[in-house]
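Since every read-out is calculated from the coordinates, none of them should be taken as a lab result. Treat the numbers as computed from the prediction; the structure is a model and nothing was measured. Because the Cβ atoms are built from the backbone with ideal geometry, glycine has one as well, and the counts that use them run over all protein chains shown.
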């Protein structure tokens, strides 16, 4: 961290210091924010809200009906087929091939996905968890092709957003809508239930333009094996699986990762990050500059600088 950033974000004012030069005294720090801050009334049941509070995630089957699912699957295929997207900054390919892994800001590229980002069933459900007045901080398509799709190391999204995008607090939720069946063989998302209550500081300074490498293979911002072993011993690992059309909501600090896709079946999902407007991004806490706007939008419309 530069001297300027050190002045802006001292350890006294940052409850979540990370990207440290030396290991912290403890493997993890306690969460400072309440998990549930939204109203009880809405599309989520009290049982679903309680499961999210306790585990840091909840899976909701059949969020999309069959006709909606088919519509979004067609839209996904259309975007993946765009050769002019393949070499764009907002498109990430597999580390060992030219297969598309992610398309960021797809809700600006696609009217259909833009409408989905504002679907009241989704927005109202998110507001039941983190409170009202939210905005989409990030949108992307995740595609893990059969045989080719690589895994992704354990990480907390909040750690990256805090360190590299300047997200102050744990007041964000990720919404992952699965467009293909998720089973144990095609690299489903794995989560550590209860890990959202503990922030794991990571070691190592943030490299310059880290996003160019971390979106293919994350190295900076990865928890230590000791911390992971401690948390898994206490909480275990779960991999919510289910048919296409389901919705996974998970807290921004829930530790998660995935294995490679060893099956012939692709695994794809639509992914939106909802952030509270009063938790808008500021100066990065552990990086010299902001990541590009297609990775982290602000409610003031900074994403409009995105060049497509």
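What's the ranking of 284-294, 234-244 by average number of surrounding C-beta atoms within 10 Å, highest first? Can you show the working numbers first?
Working: 284-294: 20.9, 234-244: 15.7.
So the peptides 284-294, 234-244, ranked by packing, come out 284-294, 234-244.
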Quick one: check the C-alpha center-to-center distance for region 160-199 versus region 52-119, whole angstrom.
15
Which value results when the Cα radius of gyration for region 245-292 is divided by 2.2 N^0.38 Å?
1.63
Return the Cα extents of region 189-297 along principal axes one, two and three, sorted largest first, each rounded to a whole Å.
40, 32, 31
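Listing 46, 224 from the residue with the fewest other Cβ atoms within 10 Å to the one with the most, what is the order?
Least crowded to most crowded, the residues run 46, 224.
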Unit Cα scatterers, Debye sum, the chain: log10 I(q)/I(0) for q = 0.08, 0.09, 0.11, 0.12 Å⁻¹:
-0.32, -0.41, -0.63, -0.77
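Arranged by the count of other C-beta atoms within 10 angstrom, fewest first, what order do 19, 49 take? Before the final figure, lay out the partial values.
Values: 19 24, 49 21.
With the fewest neighbours first, 19, 49 line up as 49, 19.
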Ratio of region 10-65's C-alpha Rg to 2.2 N^0.38 Å, to two decimals?
1.68
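Once you have the alpha carbon radius of gyration of region 133-265, what is it after dividing by 2.2 N^0.38 Å, with N set to its residue count? Don't skip to the end; give the middle numbers.
Numbers: Rg = 14.9 Å, N = 133, 2.2 N^0.38 = 14.1 Å.
Compared with the compact-globule rule of thumb, region 133-265 sits at 1.05.
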Log entry: pair-distance distribution for region 132-187, C-alpha pairs binned every 5 Å from zero, whole % per bin is 4, 12, 19, 23, 17, 13, 9, 2, 0
Relative contact order (percent, whole number), region 3-294, Cα cutoff 8 Å, 6+ residue spacing
33
Translational diffusion coefficient of region 71-143 at 4 °C, 1.567 mPa s, Stokes-Einstein with Kirkwood Rh over Cα pairs, in µm²/s as a whole number.
96
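Kindly put 29, 247 in sequence by how many other C-beta atoms sit within 10 Å of each C-beta, fewest to most.
On the way: 29 16, 247 21.
Fewest-to-most ranking of 29, 247: 29, 247.
Helix-derived [θ] at 222 nm for the chain: sum -39500 (n - 2.57) over DSSP H runs of at least 4, divide by residue count, nearest 500?
On the way: 9 runs with 72 residues, N = 308.
It lands at -6500 deg cm²/dmol.
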